[in-house]
Amino acid sequence: MDADTLALVHQLYGAQSHHIDEGRAHEWAETFTPDGEFCSPSYPAPVTGTAALTKFAEDFAGQDGVTRHVLTNLHVTPADDGLVVRAYLQIVRTLPDSPPELLRQTTITDHLVRHAGTWRIRHRTVRRDDLKENR
Amino acid sequence: MDADTLALVHQLYGAQSHHIDEGRAHEWAETFTPDGEFCSPSYPAPVTGTAALTKFAEDFAGQDGVTRHVLTNLHVTPADDGLVVRAYLQIVRTLPDSPPELLRQTTITDHLVRHAGTWRIRHRTVRRDDLKENR
Amino acid sequence: MDADTLALVHQLYGAQSHHIDEGRAHEWAETFTPDGEFCSPSYPAPVTGTAALTKFAEDFAGQDGVTRHVLTNLHVTPADDGLVVRAYLQIVRTLPDSPPELLRQTTITDHLVRHAGTWRIRHRTVRRDDLKENR
């Protein structure tokens, strides 16, 4: 993986959590391709396309307290049509005047493609460490 | 953001937490410009300039247990006079023979400028997720 | 530290935790040199060489629940014969239908050398924040 590509990918993931955690729902949705798909066992069905992803991020922002998506262990590998990115994503929630709680430990596997001159996520699969069927 | 600049910024932040956590107070202070300013709601007033920042880091080292500044979600954007860096910074404290505790989840927003041939922090604002007025 | 070297190192560490956490024991062992040494106060003696390191990673995979090695604060410095890498490494364990637990906060200090056209770990020292003698 060359340094320039890796820099772009690190920046994409650097931005993404801040977008959803700060309530910038549309900017978060735009880290996916227009037909991007988000598949997580925490939600009843995949979320597909910019409008649905935006709505998903808006709903997320309505939760109690402050929630952060803490991303670590980013690893990038080439794929036929783009890149595969794996990372750990923790959900940390803080209620007012309380210590932070580590709510969930997940692993994301993303397929990235070039779109509009940059890298975007075409498909994300989330695995949760607490769900046996999901490992 | 080009790969060379991003590499320098990742290295600056890679070093910074180790400096304060290992008691290298002066080295930590020197990740800021000589007139660098550190603004956090955890402390009564901003800390400004190398001498005050060094003293601040020395006081920090005197706390019970081992404290680590765990930095994630680094995102770098260009600004008129330098760079803006956002990241999550967790405070994790471990007392002897005890499991680590996640004490605090914060977001830092730094303004970086070139100084003495490298990037340094001119201004840091810390927001704490547990303080309503600080989000 | 140039951007190309830093990219290779970030990728090495990006891959390493996923290897051991997903049960790819041999791939994990191969992030070390053939004579690589792993020294941790959590184990009675250093683990040395590919076969022993593979066995070590296999044993690790047999633990209860899902365990993740969460790596942050990567910092790379040049050394006479290669690179020194320091990072924080958290052990996070999740039991079925339970929230994740932060079991351990450690600091790793690695010596890297070129081997077979890439960077590998020749020596790792793990320090645990909960052990007084180990800081």
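The numbers here are math on the coordinates, done by the rules we state, and not lab data. Note that this is a predicted model, so its numbers are computed, not measured. Backbone-built Cβ (ideal geometry, glycine too); neighbour counts: all protein chains shown.
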Rounded to the nearest 500, the 222 nm mean residue ellipticity computed for chain A from DSSP H runs (n ≥ 4, each -39500 (n - 2.57)) alone is -8500 deg cm²/dmol
Residues C:V84, A:V9 in order from fewest to most other beta-carbon atoms within 10 Å are C:V84, A:V9
Ranked by GNM mean-square fluctuation in chain A (Cα springs under 10 Å), the top entry among A:A116, A:A61, A:A15 is A:A116
Contact order relative to length for chain B, counting C-alpha pairs under 8 Å separated by 6 or more residues, stands in percent at 22
Fewest-first ordering of A:I91, B:I121 by Cβ atoms within 10 Å yields A:I91, B:I121
Nearest 10, in degrees from 0 to 90: the angle of helix C:3-21 to the longest Cα principal axis of chain C is 30
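How would you rank A:D2, B:D4, going from fewest to most other Cβ atoms within 10 Å of each one's own Cβ? Could the numbers behind the result be given before it?
Details: A:D2 10, B:D4 15.
By the 10 Å Cβ count, ascending, the order reads A:D2, B:D4.
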Computed about the Cα centre, the charge dipole of chain B from +1 Lys/Arg and -1 Asp/Glu charges at the Cβ has a magnitude in debye, to the nearest 20, of 280
at B:D97 the sorted inter-copy label distances (label 7 Å from Cα on Cβ side), in nanometres, are 3.4, 3.4
One finds the C-alpha centres of region B:41-64 and region B:65-135 to be spaced, in Å, by 14
If you rotate chain B onto chain A, the residue of B with its Cβ nearest that axis, and the gap in whole angstrom, comes out as B:A3, 2
Binned at 20 Å starting from 0, the alpha-carbon pair-distance distribution of the protein assembly as shown in whole percents comes out as 26, 62, 12
For region C:3-134, Rg(Cα) over 2.2 N^0.38 Å is 1.03
So, in nm and shortest first, the distances from C:K55 to its counterparts in the other copies, with label points 7 Å along Cα→Cβ, work out as 5.7, 5.7
The value for region C:16-57 (convex hull of the alpha-carbon atoms, volume per residue, Å³) is 60
Helix A:50-61 sits off the longest principal axis of the Cα atoms of chain A, rounded to the nearest 10 on a 0 to 90 degree scale, by 30
With the label set 7 Å along Cα→Cβ, C:P44 is separated from its counterparts in the other copies, in nm and shortest first, by 5.5, 5.5
